[in-house]
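The values are calculated or read from the model by the stated rules, or taken from the named source; none is laboratory data. Everything quoted here is computed from the prediction, not taken from an experiment. Neighbour counts run over all protein chains shown; Cβ positions are idealised from the backbone, glycine included. These accessible areas exclude ligands, DNA and RNA; they are computed on the full protein's heavy atoms, side chains included. Shrake-Rupley method; radii C 1.70, N 1.55, O 1.52, S 1.80 Å.
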Amino acid sequence: MPPMLPAAPDGAVRLADVLPSCLASLESEPNVLGLPPARAAIVVLVDGLGASNIKSRAGHARFLASRLGRRDIAIGHFPSTTAAGIASLTTGTPPGQHGLVGYSTLDTEADRIVNQLNGWDHGLLGPEWQRSETVFERAAAQGVTSFAVGLPRYATSGLTGAILRGAEYVIAGTLTERFAEAERLASTGGRAIIYVYVAELDVIAHASGWESSRWTSTLETLDSELASLDARLPRDVGLIVTADHGILDVPAHKHVFLDRDPGLLVGVRHVGGEPRCRYLYLEPELDDAGRAALLDAWRTAEGHRAWVFSRDEAIDAGLFGDVDPAVAPRIGDIVIAARSGIAYYDGRDPNVQSHGMVGQHGSLSDEETRLPLIRGGAYRRD
């Protein structure tokens, strides 16, 4: 039997609802978020800032915490990883449609595991790998201009080209500079969507943990900058602050090695995903009985601390939303999503740099999937 999934709150909105709702608000049309009409919308995506992270550091994020009520939560997409989350935000579609279904997934044509963040820049992925039209492209057809404000290093990346199609990329360095640029773009008088990407908290969390003093200090800076931006916005400009995923710290003694029992890897051709959500891709010649036996073995070994699904079970459970048949093979034959505070590593992998990563995400826990949906400017709740 497939494992029971955590239940989403009744009436919860998804991350994929955010940008389509903003675009609808610029047309004074009804939308999933119930946003009122606005001339322009600024959407700030803070990589790695879950709702629970804000609540736990409320004293260091007074602006964000004061706007984070029970209704101000969005549910992220599975897996709770950057490529899947941001693509869902910018396309308004789930991973099963846009195709970025994990940190690293199987390219079936080349029979290789490809990193969804940097595989584009290494020439392993083409722009068509991301299969959905973006909200920015739809906005252009409606006469709405779109901008993406971000750091110089992301300006020409392959992932940027795939998930920000239709938006003009505007380079800005510090948080202060990014928000000032967003304000300038929103104040020009035209209808516009301005997407702002904040990478700093996620980078610090991976290196030092989200519970580190450095992370908290950066959160304080971000909170102050957001409060200042909100106070300066013209009355007809809406502001949304959200995230692609939350994050939790996993100490080294909570690392679990997939190869500790060689029998569990018999018939496994590739290992993909990331430490909190592993994909096992099986040998094509493995028959149905062998596949079922391996799935049962993994459930016996890890079912007490992970959700273990077959690909079909994960799709049927709606983990990836509606799944295009062309996307399905990118999902592992076996999906292992950590339920407790652990991370899965493959000891055979020569790249051990990731073993030093403290902050982790990718799975289905509330810490990873419940995201802030902070409203400001014209979108602020009364």
**Message:** From the C-alpha coordinates alone, can you work out the Kirkwood hydrodynamic radius of region 244-292, in Å?
**Reply:** 13.0
**Prompt:** In square angstrom, rounded to the nearest 10, how much accessible surface does Lys55 have for a 1.4 Å probe?
**Reply:** 130
**Prompt:** Scattering from the C-alpha atoms of region 31-115 alone, worked out with Debye: what is log10 I(q)/I(0) at q = 0.16, 0.22 1/Å?
**Reply:** -0.81, -1.18
**Asked** What is the extension gain from Val203 to Ala317, computed as 0.36 nm multiplied by their sequence separation minus the C-alpha to C-alpha distance, in nm to one decimal?
**Response** 37.9 nm
**Fill in**
With all protein chains present and a 1.4 Å probe, the order of Arg291, Arg71, Arg375 from largest accessible area down is Arg71, Arg291, Arg375
**Asked** How large is Rg over Rh for the chain, taking Rg from the Cα atoms and Rh as the Kirkwood inverse mean of 1/r across Cα pairs?
**Response** 0.97
**Prompt:** Say R0 is 35 Å: what FRET efficiency, to the nearest 0.05, do Leu117 and Lys55 get from their beta-carbon distance?
**Reply:** 0.80
**Message:** With 23 Å as the cut-off, how large is the P(r) tail for region 1-142, expressed as percent of Cα-Cα pairs?
**Reply:** 46
**Complete:** Correct semi-axes for region 124-269, from √(5λ) of the alpha-carbon gyration tensor and rounded to whole Å with the largest first, are 35, 24, 12
**Request:** With runs of 4+ DSSP H residues as the only contributors, calculate the mean residue ellipticity of the chain at 222 nm using -39,500 (n - 2.57) per run, divided by the residue total and rounded to the nearest 500.
**Result:** -8500 deg cm²/dmol
**Stretchable slack from Ser66 to Glu133, in nm (0.36 nm times residue separation minus alpha-carbon distance)** = 20.6 nm
**Fill in**
region 252-382, Kirkwood Rh and Cα Rg, ratio Rg/Rh at 1.05
**Message:** Could you give the length gained by full extension between Thr300 and Arg260, i.e. 0.36 nm per residue of separation minus their alpha carbon distance, to one decimal place?
**Reply:** 12.9 nm
**Paramagnetic label zone (point 7 Å from Cα along Cα-to-C-beta, Asp324; backbone N under 13 Å) in region 116-134** = 126-134
**Message:** Using square roots of five times the C-alpha gyration tensor eigenvalues, list the equivalent-ellipsoid semi-axes of region 65-207 in whole Å, biggest first.
**Reply:** 26, 19, 17
**Prompt:** For the chain, what is the percent of antiparallel DSSP beta bridges, rounded to the nearest 5?
**Reply:** 50
**Asked** Ordered by packing density, taken as the mean number of other Cβ atoms within 10 Å over each peptide's residues, highest first, how do 208-216, 359-367 rank?
**Response** 359-367, 208-216
**Request:** Count charges around Leu226 for me, please; just the other residues with Cβ under 15 Å from its Cβ, Lys/Arg as +1, Asp/Glu as -1.
**Result:** -3
**Prompt:** Label 7 Å along Cα→Cβ of Thr221; region 161-185 residues with amide nitrogen under 19 Å?
**Reply:** 171-183
**Prompt:** Per 10 Å bin, what is the whole-percent P(r) computed from every C-alpha pair distance within region 66-109?
**Reply:** 28, 41, 24, 6, 2
**Message:** Just to confirm a number: summing +1 for Lys and Arg and -1 for Asp and Glu over residues other than Glu168 whose beta-carbon lies under 15 angstrom from that of Glu168, what do you get?
**Reply:** +2
**Complete:** At R0 = 25 Å the Cβ-Cβ FRET efficiency linking Glu211 and Ala231, nearest 0.05, sits at 0.25
**Item:** 10 Å binning of all Cα-Cα separations within region 161-231, expressed as whole percents from 0 upward
**Value:** 18, 41, 31, 9, 1
**Asked** Under a Cβ-Cβ cut-off of 14 Å, what is the net charge of the residues other than Arg214 that fall near it, where Lys and Arg count +1 and Asp and Glu count -1?
**Response** -4
**Prompt:** For the chain, what is the relative contact order in percent, using Cα pairs closer than 8 Å and at least 6 residues apart in sequence?
**Reply:** 27
